[in-house]
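Worksheet: the structure to be examined is printed underneath.
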Amino acid sequence: MHERNLFCQNQPDFKALALKYKSFAEHVRADGSIDFQDAAALRTLTTTLLEDSFGLKVQLPRDRLCPPVPNRLDYTLWLQDLLDSTEPSCETKAGEERENRPCVLDIGTGSSVIYPLLGCTLRPTWSFIATDIDGDSIVHARQNVALNGLEDQIRLLNTRVEDKLINLDAWGVEMLDAVMCNPPFYDSAEDMQKSESIKEEHPFAALMATKNELITPGGELAFIRRILAESRTLGTRVRWYTSLCGHLSTLQEISRELSEANINYGVGEFVQARTKRWVIGWSFQSYRPDDETARHAARSELGTIWLGQKCKLPPSTIFSFLLRQKKDLVGMKAKLAKTTKEVDVLLVWEDENHDRHIAKGFAKGNTWSRSARRKRRREEETETMLEAKAKDEVNANFGFTIELRRDMVKIRWTQGFDKLVYESFCGWVKRALNT
């Protein structure tokens, strides 16, 4: 589970919940367990957890998907991290909000409209556009939105199969902060049956859903590729395009395609009981998510599960090194400030105390290499010097934060597409501070 998932360390106490909610008590057995193969029990568990943990009133129809709350919460929290760690002006601390209200699109929101409800509850300034091709699901979703008084924050749209998935112009929307989606997993009923037959164990919980919630031509891989195709046209009109993956093979294919195209992306894995799910997100903006988000590995009682053995990971955004000897912070700061100024790297100090100094920085590109310095001297001699200095992050091609301590240095890549520029900068700083 996600580290901030409230069910991560505190599993629901069914006996305690039964004392508070009569409807749930009907499904709790003497030993404090419930029958996870009982569809009615699962629906009541979901509605009870949403009300008890988040104050949400939700009604679930019998013939529609019943979303497991901890699973949906994982994805929502990961999306928060993705947006927080790629805010302009570097990183936004968890829980802080920008002046404008982030807007998220939920493709295939379902009757529970659970992602928008959780998103607006956890971050009250968020708003959602929620779509579904099932008219009946939209009717139920409207009822659930109204039950929680969120009509002003959640806009529901009944779309058609042939419509674009991200139809911004038709909806009168200029930009979105994110797209999220839990796509149908399977290509056909036969594909679904085959997938279930090869599992080592029977499904832990009963499955209730309509055909369009489970099946789509080409399965989830084709569906996510459809989002990817639309994203190439929309570009930076959406900050982050994301999707849940039910099959590891889907994560492997999409991550490979994004890596080969040098697109900024992040992946994550979450494990709950017997269920494993993966998330993937990509962006055409240059702000880089932190490693904890973009390379999010599942954690279990056995320790961290190394995701790099399962799919193509994005480049790491953290580089740290030990200094050969402890140094005076004031002197180290002065040396770095002088050195970066000489190569037209903008450095702004933001947090300084007796233990550490932190700065954010920006550059037009690789201005510190020998060839760049030689070029600068030639331009100075011929009086044809081009504007090489980045005034701020808006016109920068490379951004970073740097943390100085007496015995170590940590550099976080915050902006840019070229990992070779980042790696070159890290090596240059290491040499400069160790000489």
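A few comments on the model shown:
- Computed over protein heavy atoms with a 1.4 Å probe, the accessible surface of the chain works out to 48 Å² per residue.
- Using the rule -39500 (n - 2.57) for each DSSP H run of four or more residues, divided by the residues of the chain, the 222 nm mean residue ellipticity is -10500 deg cm²/dmol.
- Of the trypsin sites (Lys or Arg not before Pro) in segment 1-79, the ones in a loop by DSSP (not H, G, I, E or B) with at most 13 other beta carbons within 10 Å are R29, R62.
- Seen against the Cα atoms of the chain and their longest principal axis, helix 419-433 is set at about 50 degrees.
- Taking the C-alpha atoms of segment 1-52, convex hull volume expressed per residue in Å³: 88
- What you get for the chain, charging only the Cβ of Lys and Arg (+1) and of Asp and Glu (-1), is a dipole of about 1840 debye around the Cα centre.
- Of all accessible heavy-atom area on the chain, the percent that carbon and sulfur account for (1.4 Å): 50
- Dimensionless Rg over Rh [the chain; C-alpha; Kirkwood]: 1.03
- Using a cutoff of 8 angstrom between alpha carbon atoms and counting only pairs six or more residues apart, the relative contact order for the chain works out to 12 percent.
- Positive-pole candidate from G416, V173, I280, dipole of the chain, charges at beta carbon: G416
The values are calculated or read from the model by the stated rules, or taken from the named source; none is laboratory data. What you see is a predicted model; the values in this text were computed from it and never measured. Quick reminder, even Gly has a Cβ in these numbers, built from the backbone with ideal geometry, and neighbours come from all protein chains shown. These area figures cover heavy atoms from the full protein model, side chains too; ligands, DNA and RNA do not enter into them. Shrake-Rupley method; radii C 1.70, N 1.55, O 1.52, S 1.80 Å.
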